[in-house]
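Visitor: Could you have a look at this structure, given as structure tokens, before my questions?
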Amino acid sequence: VGVSRDVSLQKRAEEALFQSEERYRLLFNEAPMGIVHLDAAGAVLNANAIAGLMLGKQPDELRSQRLAELLTNDQIGGVIGDALGGKHGFYEGEYRQSSDGRPYTLRIITRPLLASGGAVESVICIFEDITEQRNAQRQLVQAQKLESLGTLAGGIAHDFNNLLAMILGNAELLRKN
């Protein structure tokens, strides 16, 4: 007596799940941005190394801490609170890391993950350090201002030169008469 069961469909599903988990793990750990996964109460479930660097802690040290309490900026805390309430959130502005005082210009995007009943199950927060971008923008604006000033000065000098040419021409005529 024997019983057989075809488990090939189950094996394919397990392999697909494993591959999906590997892709997620690779994306989460190797992303060039900080990623923090929060539970419904706002406590950190998981964080990648970039997020730890921006927050001045190791990713393991962040676990179970409330993200809104780690960030000393009220606006960022409000964005996280909105996400915990089910709204998409966005913040772009200054942030000073408490551990070393280093200033950052951050872009933070929050997205709630909803359960089947519509309640917030968890929240994904993506942190992007745009400090160098902002500095480059400021330098570009400064360079454009200086270029405009140079163009203006060149135009004034040209007009002044035309006036001087007329004055010198008239003075030369007066001297010859």
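The values are calculated or read from the model by the stated rules, or taken from the named source; none is laboratory data. Since we're looking at a predicted model, the values are computed, not measured. FYI the Cβ positions are ideal-geometry reconstructions off the backbone, even for glycines, and counts take in every protein chain you see.
Visitor: Restricting the search to segment 94-116, which residues are modelled with pLDDT of 85 or more, surrounded by fewer than 13 Cβ atoms within 10 Å (Cβ to Cβ) and more than 13 Å from residue 38 (Cα to Cα)?
Guide: Result: 115, 116.
Visitor: Just to verify a result, which residue in segment 81-115, among those that are of a type in the set (A, V, I, L, M, F, W, C) and part of a strand (DSSP E or B), is farthest from residue 70 (Cα to Cα)?
Guide: 114
Visitor: Another question, if that's okay. For the subset of segment 129-149 comprising residues that are modelled with pLDDT under 90 and not polar (S, T, N, Q), which member is farthest from the chain's Cα centre (by Cα)?
Guide: So the first thing to find is which residues in segment 129-149 are modelled with pLDDT under 90, and the list is 129-138.
In the following step, the residues that additionally are not polar (S, T, N, Q) were identified as 129-130, 132, 134, 136, 138.
Values: 129: 5, 130: 5, 132: 11, 134: 11, 136: 15, 138: 17 Å.
The selected residue is 138.
Visitor: Identify, from the list 27, 45, 38, the residue that is touching a His at 6+ places or on another chain (Cβ under 7 Å) and not in a loop (DSSP other than H, G, I, E, B). First the steps, then the outcome.
Guide: On the way: 27 fails: touching a His at 6+ places or on another chain (Cβ under 7 Å); 38 fails: touching a His at 6+ places or on another chain (Cβ under 7 Å).
Of 27, 45, 38, the one residue that is touching a His at 6+ places or on another chain (Cβ under 7 Å) and not in a loop (DSSP other than H, G, I, E, B) is 45.
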